[in-house]
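Notes follow the structure.
The values are calculated or read from the model by the stated rules, or taken from the named source; none is laboratory data. Everything quoted here is computed from the prediction, not taken from an experiment. Counting neighbours? That spans all protein chains shown, and the Cβs are built from the backbone with ideal geometry, glycine included.
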């Protein structure tokens, strides 16, 4: 590529106006095919790369959206992002996945990209912003909360009802006759809405059935497989151990199952286990893990649809969309039938 190659030079070599080159670059139907080919020949011959940033700023759009997540290791992230990307592609948008590693400053840098018009909108999986900060930013810029959300004016979100899903999970165990039901979760997500709501659902299910809440049956760790084993080990060593364990993700659930088997207990006859998310890992455990299914792809697709509406319409939707969850009963609670 010639260092001095710019749109003016392309126009001169093709024998057309700068406006015509711009129309070709933007796939305008107003350009005759013979003219289009002349311009494209010059672009290809000299490997001309248009200044996309300048073009985007002139258009007041970039066709880029950010997906802001605290961690790439989230079990459901891949399927949700797939839904986001398919919807984005259908509407001509590019998706940039941006992990923050729970760093508030990193999140601020990404939000600044919206303010600087380097992206048209953002989908957040979790945010360190306060409700007030989130409301002020969402009022001016296009942001959709996905899976994790905070309730505030001028905000919108797409998720499941985590509190009701946890209630249904624990109620499934109660209906099977369990009274001593433990919960194990992820310390890193303790500040996130889904974890707090799932804990609320767990406690509400116990209360609605007249089962006393026992703080010693609720434990949090790293949220990883090994902590699923470690926390289960701790639970099985306490006085009056649980006969059922509710895990706030499937990775913890698989670790939980393996720890129970190492202690020599039968699953689900002596101890039942239920997970959350219905990820691939749930089917890999022995026995297969009962879990809460959330429609991950559909959640991502809906989040992108909502973001596109708000990016392309003056009348924004400040909706909180809830997708339906489902209890998927498998061998870890009902046995192999």
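When the test is whether a residue is surrounded by fewer than 19 Cβ atoms within 10 Å (Cβ to Cβ), within 30 Å of residue 72 (Cβ to Cβ) and in contact with a strand residue (DSSP E or B) (Cβ under 6 Å, 6 or more places away or on another chain), residue 227 does not pass it.
Specify which of the listed residues (246, 276) is over 21 Å from residue 177 (Cβ atoms), surrounded by 23 or more Cβ atoms within 10 Å (Cβ to Cβ), in contact (Cβ under 8 Å) with a residue 40 or more places away in the chain and touching a helix residue (DSSP H, G or I) at 6+ places or on another chain (Cβ under 8 Å). Please lay out each step first, then the result.
Values: 246 fails: over 21 Å from residue 177 (Cβ atoms).
Step by step, each of 246, 276 is checked, and only 276 is over 21 Å from residue 177 (Cβ atoms), surrounded by 23 or more Cβ atoms within 10 Å (Cβ to Cβ), in contact (Cβ under 8 Å) with a residue 40 or more places away in the chain and touching a helix residue (DSSP H, G or I) at 6+ places or on another chain (Cβ under 8 Å).
Count, please, the residues in the stretch 143-173 that happen to be closer than 13 Å to residue 197 by Cβ, in contact (Cβ under 8 Å) with a residue 60 or more places away in the chain and assigned to a loop (DSSP other than H, G, I, E, B). Qualifying residue count, the stretch 143-173: 4.
If we keep just the residues of the stretch 296-317 that are assigned to a loop (DSSP other than H, G, I, E, B) and under 24 Å from residue 96 (Cβ atoms), which is nearest to the chain's Cα centre (by Cα)? Give the steps one after another, and end with the answer.
Initial filter on the stretch 296-317 (assigned to a loop (DSSP other than H, G, I, E, B)): 313-317.
So of that shortlist, the ones also under 24 Å from residue 96 (Cβ atoms) come out as 313, 316-317.
Details: 313: 24, 316: 22, 317: 20 Å.
Ranking the candidates gives 317 first.
Among the residues here, residue 4 does not qualify as buried (at least 17 other Cβ atoms within 10 Å of the Cβ) and either modelled with pLDDT under 90 or not in a loop (DSSP other than H, G, I, E, B) (or both).
Evaluation of residue 210 against the conditions (1) assigned by TED's automatic domain parsing to the domain that holds residue 255; (2) closer than 26 Å to residue 69 by Cβ; (3) in a loop (DSSP other than H, G, I, E, B) shows that the sole unmet condition is (2). If only residues of the stretch 79-107 that are in contact (Cβ under 8 Å) with a residue 60 or more places away in the chain and out of contact with any strand residue (DSSP E or B) (no Cβ under 7 Å at 6 or more places or on another chain) are counted, the one that is nearest to residue 133 (Cα to Cα) is 102.
Can you name the residue in the stretch 213-243 that is outside any helix (DSSP H, G or I) and touching a residue at least 40 places away in the same chain (Cβ under 8 Å) and, of all such residues, is farthest from residue 296 (Cα to Cα)? If you could, list the steps in order and put the result at the bottom.
Kept after step one, since they are outside any helix (DSSP H, G or I), are these residues of the stretch 213-243: 213-214, 218-224, 238-243.
Okay, now just the ones that are also touching a residue at least 40 places away in the same chain (Cβ under 8 Å), so 240-243.
Details: 240: 37, 241: 34, 242: 30, 243: 30 Å.
The extreme case among them is 240.
If residue 322 meets every condition in (1) touching a residue at least 60 places away in the same chain (Cβ under 8 Å); (2) out of contact with any strand residue (DSSP E or B) (no Cβ under 8 Å at 6 or more places or on another chain); (3) not in a helix (DSSP H, G or I) apart from one, which number is that one? Against the list (1) touching a residue at least 60 places away in the same chain (Cβ under 8 Å); (2) out of contact with any strand residue (DSSP E or B) (no Cβ under 8 Å at 6 or more places or on another chain); (3) not in a helix (DSSP H, G or I), residue 322 comes up short only on (2).
Quick check on residue 204: is it crowded, with 22+ Cβ neighbours inside 10 Å and either assigned by TED's automatic domain parsing to the domain that holds residue 287 or in a helix (DSSP H, G or I) (or both)? So residue 204 does not fit the description; no. Report yes if some residue within the stretch 117-135 is out of contact with any helix residue (DSSP H, G or I) (no Cβ under 6 Å at 6 or more places or on another chain), more than 21 Å from residue 100 (Cα to Cα) and surrounded by fewer than 24 Cβ atoms within 10 Å (Cβ to Cβ); otherwise report no. No, there is no match, as no residue in the stretch 117-135 is out of contact with any helix residue (DSSP H, G or I) (no Cβ under 6 Å at 6 or more places or on another chain), more than 21 Å from residue 100 (Cα to Cα) and surrounded by fewer than 24 Cβ atoms within 10 Å (Cβ to Cβ).
Are any residues in the stretch 249-272 free of Cβ contacts under 8 Å to residues at least 40 places away in the same chain and either part of a loop (DSSP other than H, G, I, E, B) or under 20 Å from residue 329 (Cα atoms) (or both), and if so, which ones?
Quick first cut of the stretch 249-272, residues free of Cβ contacts under 8 Å to residues at least 40 places away in the same chain only: 254-255, 258-266, 270-271.
Of everything in the stretch 249-272, those that are free of Cβ contacts under 8 Å to residues at least 40 places away in the same chain and either part of a loop (DSSP other than H, G, I, E, B) or under 20 Å from residue 329 (Cα atoms) (or both) turn out to be 254, 255, 258, 260, 261, 263, 264, 265, 266, 270, 271.
The set of residues in the stretch 146-170 that are surrounded by fewer than 18 Cβ atoms within 10 Å (Cβ to Cβ) and either closer than 24 Å to residue 227 by Cβ or over 21 Å from the mean Cα position of the chain (by Cα) (or both) comprises 153, 168.
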